Amino acid sequence: MNETLQATTMAVIARLPEWVRHDLTSKDQSTRARAEETIAAMITNALTEAGRS
């Protein structure tokens, strides 16, 4: 994995809101899916921004 990609991804994970972290452990599939979609959107946004720099 390229170092910039890894650093960007790790930065997103480090700043995940507490509700996302909590929802990832939920037994409810729709709650977990919402958290996963949020993480994917945050990573996509960060990578897009990094590509513009």
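Please treat every number below as a calculation from the coordinates, not as lab data. Note that the coordinates shown come from a computational prediction; the quantities given were computed from them, not determined experimentally. As a convention, Cβ positions derive from the backbone with ideal geometry for all residues, glycine included, and neighbour counts pool all protein chains shown.
What to note about this one:
- Exposure proxy ranking for Arg34, Arg52, based on other Cβ atoms within 10 angstrom of each Cβ and starting from the fewest, stands as Arg52, Arg34.
- Two numbers describe the Cα atoms of the chain: Rg and Dmax, which are 12.3, 39 Å.
- Virtual spin-label span in nm between Ala33 and Leu47, 7 Å along Cα→Cβ: 2.2
- Against the chain, whose longest principal axis is taken from its Cα atoms, helix 29-52 shows a tilt of about 10°.
- Linear extension gain, His22 paired with Glu3, 0.36 nm per residue minus alpha-carbon span: 4.0 nm
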